[in-house]
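Just below is one structure, and these are the notes that go with it.
The values are calculated or read from the model by the stated rules, or taken from the named source; none is laboratory data. Computed from a predicted structure; not experimentally measured. As a convention, Cβ positions derive from the backbone with ideal geometry for all residues, glycine included, and neighbour counts pool all protein chains shown.
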Amino acid sequence: MGAKQTEKKVHPMNATTASILVVAIILVIAVIVVVMIVGRRRRREASRAKASEIRQSAQDDAFAAREGEAKAARAAADAKQAEVDAERLRREATTRDEEATAARERANEQLNKADRIDPDVPSRGSEAIRAGEGERTSGTADPKTEPAPPPVVNDGPGVQRPLA
C-alpha cells in the first residue's frame, strides 16, 4: 500500500473550552465598544467646551465692538459740539470787532468835534474839512502831497488828541 494518506487530526474541543472562548470574545468586543463610547463622549465634551470658548470670545468681541461704536459716537458728538462752539466764537469775535470799530469811529468823531470847536487847534479851513482832509483817519499823511498833521498823543487804542 504504497501511498500514505495524510490525515489531519482535529482535536476535539470540549464544551467548556468553547464556552470560555466565546465569552472571552464577547468580553473583548464589549470592552472595545465601551472604549469607543467613552472616547466619543470625551470628544463631544471637548467639542462642547471648545464651542463654549468660541461663543465667549464672540461675545467679548461684540461687546468691544459696541464699546468702540459708543466711543466713536461720543467723539463725533464732541467734534460737532466743537464746530458749534467755534462758529459761536467766530460770530462773537465778528460782533466784538464791529463794536470795537464803531467805538473807534465814535471816539474819532468826538475828537474831530472837539478839534473843530477848540480854538487852540489850528484849522485848515472849511473847504478842507468838507473835503475830508481835516478829519482824523487811521491812515498816514503823504509828505509829498499833504503837510504833516500836528503832533498827537495816543490816549488808548484808536484815541488820539493833539499835543498841547
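Against the conditions (1) more than 30 Å from Q160 (Cβ to Cβ); (2) touching a residue at least 24 places away in the same chain (Cβ under 8 Å), N108 satisfies every one except (1). Output the residue which, of all residues in the stretch 91-105 that are of a type in the set (A, V, I, L, M, F, W, C) and within 20 Å of Q160 (Cβ to Cβ), is surrounded by the fewest Cβ atoms within 10 Å (Cβ to Cβ). Taking the candidates together, the pick is A102. Would you say S57 is in a helix (DSSP H, G or I) and at pLDDT below 95? In short, no. Here V31 fulfils each of the conditions (1) part of a helix (DSSP H, G or I); (2) closer than 29 Å to R161 by Cβ; (3) aliphatic (A, V, I, L, M) apart from (2).
Against the list (1) assigned to a helix (DSSP H, G or I); (2) of a type outside the set (K, R); (3) surrounded by 10 or more Cβ atoms within 10 Å (Cβ to Cβ); (4) at pLDDT below 95, the condition M13 fails is (1).
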